[in-house]
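Chemist: To start, I am sharing the structure in question, which I have written as structure tokens.
The values are calculated or read from the model by the stated rules, or taken from the named source; none is laboratory data. All figures in this text were calculated on a predicted structure; none of them were measured in a lab. Quick reminder, even Gly has a Cβ in these numbers, built from the backbone with ideal geometry, and neighbours come from all protein chains shown.
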Amino acid sequence: MHVIVTGGSSGIGLEVSRLYASRGARVTLIARDRPKLEVARDDLLVTAKSAPDDIQIASADVGDEAAIRDAVQQAESRLGPCDVLIACAGIVEPAVFEDLSSERFNEQIRINLLGTVNAVRSVYTGMKHRGQGRIMIVSSGAGLIGIHGYSAYCASKAALTGFAEALAQEGQAHGITVGICFPPDTQTPQLERELPKRPIEAQRLMGKAGAWSAEAVARKIVRAIDRRSGKLYFGFSLAALGLFGGVIKPVLFWWYRRRA
């Protein structure tokens with residue numbers, strides 16, 4: 001089994017890669033920062049059941065369609081066709097809309113939405129020709145509800161739901177399973193960078209629930225891929241938003257306005 005993970009140099013992507021390497025899978029990590037990728041690969045090799053040559057890295061910006069296509073082609077030439085893609089690469093830059101430059105807004109759309117599309121496009125045709133494949137798109141709990149100070153991030157992550165649902169309909173006739181998951185705050189380097197910028201208004205809406213560990217999130221993602229699940233929510237609150245958001249969100253926003 002060849003597993004390709006974008007955003008694989010740290011956080012959820014790295015922990016998902018670790019789980020597959022512990023099973024002896026062939027794993028390719030893709031991210032922008034090659035030095036971080038090299039550290040991640042060395043980290044995986046400590047506990048991996050995979051052979052050293054079966055854990056590869058490729059430096060590419062998922063927002064660059066040609067770059068991610070070339071990275072996937074090189075990965076498949078080394079380790080064989082991609083059986084599982086986990087599209088985990090993403091960025092977040094919280095700021096109220098009027099303070100968020102168009103460059104910073106567009107960058108989140110480019111990486112989070114179009115970067116996911118580019119990664120999927122790089123493996124989809126091959127999966128279709130082989131009649132099998134699994135794709136897991138990593139969205140966010142912020143893709144389920146609008147949050148003060150996260151207009152770009154919420155837009156980019158919410159759009160992934162429509163993409164995943166449509167692609168799942170197209171892929172099912174060709175043996176391709178497409179899933180999407182909505183992780184909560186997760187203990188990652190990215191969260192450490194985000195929290196000092198998080199507006200107090202966002203914190204009021206999101207509550208004080210502690211962040212999940214990247215390992216716990218990764219375990220649930222891998223189980224969902226094993227089960228070919230279409231959607232994966234984390235915890236009661238996000239499951240309620242995902243399943244009954246049309247009823248819950250008007251009440252939640254009413255409560256938030258009164259509190260604010």
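Chemist: Determine the pairs where a residue that is within 22 Å of P183 (Cα to Cα) and small (G, A, S), located within segment 238-260, has a partner that is modelled with pLDDT of 90 or more and assigned to a helix (DSSP H, G or I) with Cβ atoms under 6 Å apart, the partner being 6 or more residues away or on another chain.
Modeler: A240/I248
Chemist: May I pose another question? If I filter segment 208-228 down to residues being touching a helix residue (DSSP H, G or I) at 6+ places or on another chain (Cβ under 8 Å) and small (G, A, S), which single residue comes out as surrounded by the most Cβ atoms within 10 Å (Cβ to Cβ)?
Modeler: Within segment 208-228, the match that is surrounded by the most Cβ atoms within 10 Å (Cβ to Cβ) is A218.
Chemist: Out of the residues in segment 1-11 meeting the condition of being under 10 Å from the mean Cα position of the chain (by Cα) and in a strand (DSSP E or B), tell me which one is farthest from S59 (Cα to Cα).
Modeler: Ranking the candidates gives V5 first.
Chemist: Just to confirm my filter: which helices (runs of 4 or more DSSP H) fall fully inside segment 169-260 and include at least 3 residues that are of a type in the set (F, W, Y) and either out of contact with any His (no Cβ under 6 Å at 6 or more places or on another chain) or at pLDDT 90 or above (or both)?
Modeler: On the way: elements: 189-194, 200-206, 214-226, 235-259.
Counting at least 3 such residues, we get 235-259.
Chemist: Which residue is nearest to M136 (Cα to Cα), if the candidates are limited to segment 13-39 and must be in contact with a Leu (Cβ under 8 Å, 6 or more places away or on another chain) and of a type in the set (G, A, S)?
Modeler: Here the residue is G13.
Chemist: Of everything in segment 175-196 that's within 19 Å of I145 (Cβ to Cβ) and of a type outside the set (A, V, I, L, M, F, W, C), which residue is surrounded by the most Cβ atoms within 10 Å (Cβ to Cβ)?
Modeler: Of the residues in segment 175-196, the ones within 19 Å of I145 (Cβ to Cβ) are 180-186, 191, 194-195.
Still in the list and also of a type outside the set (A, V, I, L, M, F, W, C): 183-186, 194.
Working: P183: 28, P184: 18, D185: 19, T186: 21, E194: 17.
Once the filter is applied, the top-ranked residue is P183.
Chemist: Enumerate the pairs (first residue in segment 112-140 and surrounded by fewer than 23 Cβ atoms within 10 Å (Cβ to Cβ); second residue anywhere and in a helix (DSSP H, G or I) and of a type in the set (S, T, Y)) with beta-carbon separation below 7 Å, excluding pairs fewer than 6 apart on the same chain, so at least 6 apart or on different chains.
Modeler: Sorted first by the residue in segment 112-140, then by its partner, the pairs are L113/S156.
Chemist: Hey, can you tell me all the residues within segment 90-111 that are of a type outside the set (S, T, N, Q) and either in a loop (DSSP other than H, G, I, E, B) or surrounded by 24 or more Cβ atoms within 10 Å (Cβ to Cβ) (or both)? Step through it out loud before you land on a result.
Modeler: Narrowing segment 90-111 to residues of a type outside the set (S, T, N, Q): 90-100, 103-105, 107, 109-111.
The answer is G90, I91, V92, E93, P94, A95, V96, L100.
Chemist: Please find, among D83, D54, D42, the residue that is of a type outside the set (V, I, T), touching a Leu at 6+ places or on another chain (Cβ under 7 Å) and more than 30 Å from K197 (Cα to Cα).
Modeler: So the residue among D83, D54, D42 that is of a type outside the set (V, I, T), touching a Leu at 6+ places or on another chain (Cβ under 7 Å) and more than 30 Å from K197 (Cα to Cα) is D54.
Chemist: Further, regarding this structure: Among the residues of segment 119-164, which ones are touching a Pro at 6+ places or on another chain (Cβ under 9 Å), of a type in the set (S, T, Y) and part of a helix (DSSP H, G or I)?
Modeler: Within segment 119-164, Y153 is the sole residue that qualifies.
Chemist: For the condition of a type outside the set (D, E) and over 26 Å from T28 (Cα atoms), what is the one hit in N112, N118, N106?
Modeler: N106
Chemist: Among the residues of segment 12-25, count how many are in a helix (DSSP H, G or I) and out of contact with any Cys (no Cβ under 8 Å at 6 or more places or on another chain).
Modeler: Of the residues in segment 12-25, 8 are in a helix (DSSP H, G or I) and out of contact with any Cys (no Cβ under 8 Å at 6 or more places or on another chain).
Chemist: Restricting the search to segment 42-88, which residues are closer than 21 Å to M136 by Cα, β-branched (V, I, T) and not in a loop (DSSP other than H, G, I, E, B)?
Modeler: I55, I57, I68, V72, V84, I86
Chemist: Another question about this same structure. For segment 56-104, which positions are within 18 Å of the chain's Cα centre (by Cα), within 22 Å of P189 (Cα to Cα) and among the charged types (D, E, K, R)?
Modeler: D61, E93 - these are the residues of segment 56-104 that are within 18 Å of the chain's Cα centre (by Cα), within 22 Å of P189 (Cα to Cα) and among the charged types (D, E, K, R).
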